Amino acid sequence: MPWIVVSAVVSWTIAKIFMIGDVKVAWPGLDKAVYITLYHQPYGAIWDFQPLATDTAILVAAIITSVMVKLPAREFFAAVDTCVQTRIAIFTVTTIVDMAYLMNYSG
């Protein structure tokens, strides 16, 4: 049942529902300030805030599934322990993505 709920909720990305509330923010001082010689044009530094993106769909699917299987709230929020257990992996992935952006803007 959880996979059916996830499939149904994540399908909102196909319907472009995630574009509701989409905000593009140009970083002041960085947007169009880096020139990429490969493409012969300035590089845009735009943060695309999408409050209804796929990660939000996964969270909504988890909440719907927990309600459907009558999971107590205490057990639902016990998943925070998983974040604690995977904190080193989360930090590693975040650092790699940060380095990719830094190297991209550094040329």
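Considering the conditions (1) assigned to a helix (DSSP H, G or I); (2) surrounded by fewer than 12 Cβ atoms within 10 Å (Cβ to Cβ), A57 is excluded by exactly one of them, (2). The residues of the stretch 81-107 that are among the small types (G, A, S) and over 21 Å from I46 (Cα atoms) amount to a single one, A89. Tell me yes or no: at least one residue of the stretch 71-92 is in contact with a helix residue (DSSP H, G or I) (Cβ under 6 Å, 6 or more places away or on another chain), at pLDDT 85 or above and part of a helix (DSSP H, G or I). Yes, there is a match, as at least one residue in the stretch 71-92 is in contact with a helix residue (DSSP H, G or I) (Cβ under 6 Å, 6 or more places away or on another chain), at pLDDT 85 or above and part of a helix (DSSP H, G or I). The test for being in a loop (DSSP other than H, G, I, E, B) and in contact (Cβ under 8 Å) with a residue 60 or more places away in the chain holds for L30.
Put simply, of A57, A45 the only residue that is out of contact with any strand residue (DSSP E or B) (no Cβ under 9 Å at 6 or more places or on another chain) and aliphatic (A, V, I, L, M) is A57.
Rundown of residues vs (1) exposed (fewer than 12 other Cβ atoms within 10 Å of the Cβ); (2) touching a Lys or Arg at 6+ places or on another chain (Cβ under 6 Å); (3) outside the structural domain of Y105 (by TED's automatic domain parsing), yes/no style:
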residue	(1), (2), (3)
D31	no, no, yes
T37	yes, no, yes
P51	yes, no, yes
S66	no, no, yes
A78	yes, no, no
C83	yes, no, no
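Would you call I90 without any contact (Cβ under 8 Å) to a residue 40 or more places away in the chain and surrounded by 10 or more Cβ atoms within 10 Å (Cβ to Cβ)? It is true that I90 is without any contact (Cβ under 8 Å) to a residue 40 or more places away in the chain and surrounded by 10 or more Cβ atoms within 10 Å (Cβ to Cβ). Residues that are over 25 Å from the mean Cα position of the chain (by Cα) and not in a strand (DSSP E or B) were ranked within the stretch 33-50; the one that is nearest to D22 (Cα to Cα) is A33. Checking each residue of the stretch 22-45 against the condition of being aliphatic (A, V, I, L, M) and within 22 Å of W3 (Cβ to Cβ) gives no match. So, T65, is that one farther than 14 Å from F18 by Cα, outside any loop (DSSP other than H, G, I, E, B) and touching a residue at least 60 places away in the same chain (Cβ under 8 Å) or not? Considered against the rule, which asks whether it is farther than 14 Å from F18 by Cα, outside any loop (DSSP other than H, G, I, E, B) and touching a residue at least 60 places away in the same chain (Cβ under 8 Å), T65 comes out as yes.
The values are calculated or read from the model by the stated rules, or taken from the named source; none is laboratory data. What you see is a predicted model; the values in this text were computed from it and never measured. With ideal geometry, Cβ positions are generated from the backbone for all residues, glycine too; neighbour counts draw on all protein chains shown.
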